[in-house]
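Enquirer: The structure that follows is given in the form of structure tokens.
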Amino acid sequence: MSIPATIIATMHAPADCRTGGFAEKADWIEWRADLLGDAAPVGLMERGGKMLYALRSKLEGGEGPNERHVRKARLLAASKRFDFIELEGERDLDHAILGAIPPHRRVISWHGQATEAKTLRGLLASFRRDVIAYAESANATWTRPLAARYGAPVVFGNIANGDGSSPTDLQALVRDYGLPNLHRVTELCAIVGKPVNGSCSPQLHNAAYRAQGASRLFVRFPVESFRVFWHGVVETALFEAIGIRVRGVTVASPHKESALAVAAEISPFSRSTESTNVMFRRGSEWHADTTDADGVLMNLESAGIACAKRHVAVIGCGGSGRPIAAALRHAGADVTLVNRSTARGFWASTRLGLPFVPLAKFNAAEYDMIINATPVGREGEELPVDVTSMPRKSVVVDLVFAAPATPLSALARRCGHTVIDGRDILLAQAARQYKLMTGEEMPRIPVCDLLGADASCLPASFRAGKRNARFQPLTESFAQ
């Protein structure tokens, strides 16, 4: 069962008024008068939704006046035109203002730097009811959908970018968390890394949770230190204090090595490659594993591509490249490691027992399969690899997911090579991680729909709703 949230779209710049789209779907519009002035466009005022006037002071992080008499004049004038008026609790609770604006039209606010829990409790105690408390930073977007479930069912989202590129954009919040519907949450899963704000994982996992009626939520935690995150969130049972159990974590760069230090159990494959990209509970203990290799092998098998006797170059010796390289060798391929940093390349070569070639000396013509296990291409940059020199009908696997395609994937397709792109890898990995974290199969239809793909984009094992009998996850086969 779910309840609808009130969606409030915040406008910060004149260009926001022209975005339409998601602003039109909002229940309220928050007009930042400190940034936009007091005169909202007539069309916006007549759109049919509610209008909230906000005059955030410089003392609370805005550009509005701090002087009480100046604020009073503007707030009283705005009360004649706007449905709701935001009043700063530390400077606007004047008798004249309160007399002119009845309680049902007031939104009492406080904005400030994060502080200790005791101080925040004191602030919250000063608000009587219908409280919504969240962090505005893009790094703490997870507080918005969670706060709406524990306080007033209200979610604020920005119209500033208008394209959903920032996780605080209203479009992104609706896309990632299924707003305005708020279902009960008793379990939490997350992706932890830096950067993770562009990750599609919350969108995919949350759609699957809704399809199954699960009381879970998947969020992003952009963190610099995995150890600090683990101690502050997991070891201290931070979310358990509000009745939410952390169930699983997708580990993203640059934490795939450091995360191993906090695991009670590490799969043989993760241990041998010194990398994990997924952690999950088994009873009270946390287990570490990796699905990076599974994502590649599942797609190769689905495409009918045999690995045995292939000459494969894995570009990138990081937390993704090492498991993939080890898995391909295990599948019978002749694997070479390629890396820009020679120190990192030689270290990985020694650990895995595989040959290494520096990127500056790499010749793509010598290989009939290339794996891009670097982030190059995420921002449209080109990988310095000449795929046009590869043998005809070679295979190019690009772990980077970018719409419509990375330069590497686009060029490889024009050359007639078989291409497995970041979307294919993402879907296969999401399905495998979902199973590890929840013990359940990921429902496939909503996952494909969200990425604008049909079921053919998934490995055969996932399309059938079960793992192909011929495919065995590397964690299992490597241990045998």
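Enquirer: Going from the alpha-carbon gyration tensor of segment 280-331, what semi-axes, largest first and in whole Å, does one get by taking the root of 5 times each eigenvalue?
Expert: 25, 14, 8
Enquirer: What is the Cα coordinate range of segment 123-225 on the first, second and third principal axes, sorted by size from largest, in whole angstrom?
Expert: Its Cα atoms span 38, 31, 31 Å along the three principal axes.
Enquirer: Quick one: with all protein chains in place, what share of the accessible area of the chain is carbon or sulfur, to the nearest percent (1.4 Å probe)?
Expert: Answer for the chain is 52 percent, counting heavy atoms of protein chains only.
Enquirer: A further question on this structure: So if I restrict to the alpha-carbon atoms in segment 225-299, what is the Rg, and what is Dmax, the biggest pairwise distance, in Å?
Expert: 12.8, 41
Enquirer: Looking at segment 358-404, what % of the alpha carbon pairs are farther apart than 12 Å?
Expert: Of all Cα-Cα distances in segment 358-404, 63 percent exceed 12 Å.
Enquirer: Whenever you get a sec, line up 115, 406 from highest to lowest accessible area (probe 1.4 Å, protein heavy atoms).
Expert: 115, 406
Enquirer: A further question on this structure: Would you list which lysines come within 26 Å of residue 50, measuring only between C-alpha atoms, while excluding same-chain residues fewer than 8 positions from it?
Expert: Within reach: 25, 58, 72, 80.
Enquirer: Here's something else I'd like to know. May I ask you to evaluate 6.51 cos²θ - 1.76 cosθ + 1.60, the Karplus curve with θ = phi - 60°, for each residue of segment 345-362 and list the ³J(HN,Hα) values in order in whole Hz, giving x for glycine and proline?
Expert: Calculated HN-Hα couplings, in order: x, 5, 4, 5, 4, 5, 5, 8, x, 10, x, 10, 10, x, 4, 5, 10, 6 Hz.
Enquirer: For residue 354, tell me the accessible area in Å² from a 1.4 Å probe, rounded to the nearest 10.
Expert: Estimated to the nearest 10 Å², residue 354 gives 10 Å².
Enquirer: Whole number in Å², please: accessible area per residue of the chain, 1.4 Å probe, ligands, DNA and RNA not counted.
Expert: Value for the chain: 44 Å² per residue.
Enquirer: Another question about this same structure. I need to check one value: relative contact order of the chain, counting alpha carbon pairs closer than 8 Å and at least 6 residues apart, in percent.
Expert: Computed value for the chain: 10 percent relative contact order.
Enquirer: Sticking with this one: Restricted to Cα positions, what overall size does segment 31-96 have along the principal axes? Three whole-Å values, descending.
Expert: Between the extreme Cα coordinates on each principal axis of segment 31-96 lie 32, 24, 16 Å.
Enquirer: Additional query: For segment 1-126, calculate the relative contact order in percent as a whole number, restricting contacts to Cα pairs under 8 Å that are 6 or more residues apart.
Expert: Here the relative contact order equals 18 percent.
Enquirer: Let me ask something additional. What is the Rg over Rh value, at two decimals, for the chain, using alpha-carbon atoms and the Kirkwood definition of Rh?
Expert: Rounded to two decimals, Rg/Rh equals 1.04.
Enquirer: Here's something else I'd like to know. Using the crude model of +1 on Lys and Arg Cβ and -1 on Asp and Glu Cβ, and no other charge, please compute the dipole size for segment 156-218 relative to its Cα centre, in debye to 20.
Expert: It comes to approximately 180 debye.
Enquirer: On a C-alpha basis, how far is the centre of segment 293-357 from the centre of segment 379-451 in Å? Whole number, if you could?
Expert: If you average the Cα positions of each part, the centres end up 16 Å apart.
Enquirer: Give a quick list of GluC sites (Glu not before Pro) in segment 92-191 that DSSP marks as loop, anything other than H, G, I, E or B, with at most 16 other Cβ atoms within 10 Å.
Expert: Sites meeting the loop and neighbour criteria: 116, 136.
Enquirer: So which aspartates and glutamates can residue 256 reach, going by Cα to Cα under 12 Å and dropping same-chain residues fewer than 8 places off?
Expert: Straight-distance partners of residue 256: 274, 289, 292.
Enquirer: Further question: For segment 165-268, compute Rh as the Kirkwood radius over C-alpha pairs and then the Stokes-Einstein diffusion coefficient at 4 °C and 1.567 mPa s; write the answer in µm²/s, rounded to an integer.
Expert: Result for D is 89 µm²/s.
The values are calculated or read from the model by the stated rules, or taken from the named source; none is laboratory data. Computed from a predicted model, the values in this text were never measured in an experiment. Note that we place each Cβ from the backbone using ideal geometry, even for glycine, and neighbour counts take in every protein chain shown. Quick note on the areas: whole protein, heavy atoms, side chains included, nothing else; ligands and nucleic acids left out. Shrake-Rupley method; radii C 1.70, N 1.55, O 1.52, S 1.80 Å.
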